[in-house]
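Notes follow the structure.
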Amino acid sequence: MRRRLIPVNVVIAALLFILLSLEPDQTKPPAAVMERGKTVYTKECLTCHQADGLGVQRMNPPLAKTEWVLGPKARLIKIVVNGLTDPIEIDGDTFHNPMPPHPHLTDQQVADVLTYVRNSFGNKASAVTIREVKKVRAEKKS
Ligand code: HEC
């Protein structure tokens with residue numbers, strides 16, 4: 001009798017591949033987190049970055065799909081906690097105004113607002129956790 005055409009290990013590998021690709025890699029943050037994040041955003045960020053997250057030309061940069069919002073979380077956390085003074089360029093528009101630091105926000109508020117920003121304005125990225133915020137703040141002190 002002829003051997004089966006597809007070896008068993010190939011079948012197992014294919015099944016594993018299908019299972020893994022079905023696993024959603026980006027689950028939407030819980031509604032409660034998004035609500036809390038929106039509250040912080042409205043109070044602390046909206047006047048500059050605007051309700052639609054698109055900012056103000058040449059003054060306040062947009063938060064939609066920028067490399068800072070979607071990039072490394074530690075860098076993003078530092079921007080909110082410590083502010084930012086280096087000029088930056090986004091889509092050919094340069095921004096020189098400084099972004100003020102927000103040391104008064106709790107770890108929870110920083111995590112919530114950044115999770116909200118990373119999942120609003122067309123963004124889709126993993127949540128920022130309180131642990132991640134704590135870690136960045138601890139590094140800053142040492
Ligand atoms: C007083 C106005 C102001 C407020 C309030 C403010 N920002 Fe900014 N933000 C700026 C400016 C101006 C820059 C650009 C700074 C630079 O060029 O050095 C910036 C830069 C950024 C960046 C990096 C660039 C980008 O657009 O991706 C992020 C992310 C950001 N802000 C998020 C926030 C969040 C979140 C809050 C609220 C917790 C906030 N900002 C509050 C004015 C503000």
Taking the beta-carbon count within 10 Å as an exposure proxy, list Met34, Met59 from fewest neighbours to most. Met59, Met34
Could you give the size of the charge dipole of segment 66-114 about its Cα centre, using +1 on the Cβ of each K and R and -1 on the Cβ of each D and E, expressed in debye and rounded to the nearest 20? 220
Note down the magnitude of the dipole of segment 29-141 about its Cα centre, charges +1 on Lys and Arg C-beta and -1 on Asp and Glu C-beta and zero elsewhere, to the nearest 20 debye. 480
Normalised by the empirical 2.2 N^0.38 Å for globular proteins, what value does the Cα Rg of the chain take? 1.42
C-alpha center-to-center spacing [segment 32-58, segment 64-135] in angstrom: 11
How many lysine pairs does the chain hold where the Cα atoms are under 15 Å apart and the two sit 8 or more places apart or on different chains? 12
Around Trp68, under 12 Å between beta carbons, what's the net of Lys plus Arg minus Asp minus Glu among the other residues? +2
For the chain, what is the calculated [θ] at 222 nm in deg cm²/dmol (nearest 500), taking -39500 (n - 2.57) for each run of four or more DSSP H residues and dividing by its residue count? -14500 deg cm²/dmol
Given Met99, Pro29, Leu63, which one lies farthest toward the positive end of the charge dipole of segment 29-141, if we put +1 on the Cβ of every Lys and Arg and -1 on the Cβ of every Asp and Glu? Pro29
Taking His49, His96 and counting other beta carbon atoms within 10 angstrom, the fewest-first order is His96, His49
Net charge of Cβ neighbours under 9 Å - reference Phe95; Lys, Arg +1; Asp, Glu -1: -1
To the nearest 0.05, what FRET efficiency results for Thr106 and Trp68 with a Förster distance of 25 Å applied to their C-beta separation? 0.70
Using the beta-carbon distance between Ile18 and Asn123 and R0 = 25 Å, what value does 1/(1 + (r/R0)^6) give for FRET efficiency, to the nearest 0.05? 0.30
Which order do Leu105, Leu63 fall in if you start with the one that has the fewest other Cβ atoms within 10 Å? Leu105, Leu63
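Every number in this text was worked out from the coordinates using simple rules, so none of it is lab data. The shown structure was predicted, so the numbers you read here are calculated from the model rather than taken from an experiment. Counting neighbours? That spans all protein chains shown, and the Cβs are built from the backbone with ideal geometry, glycine included.
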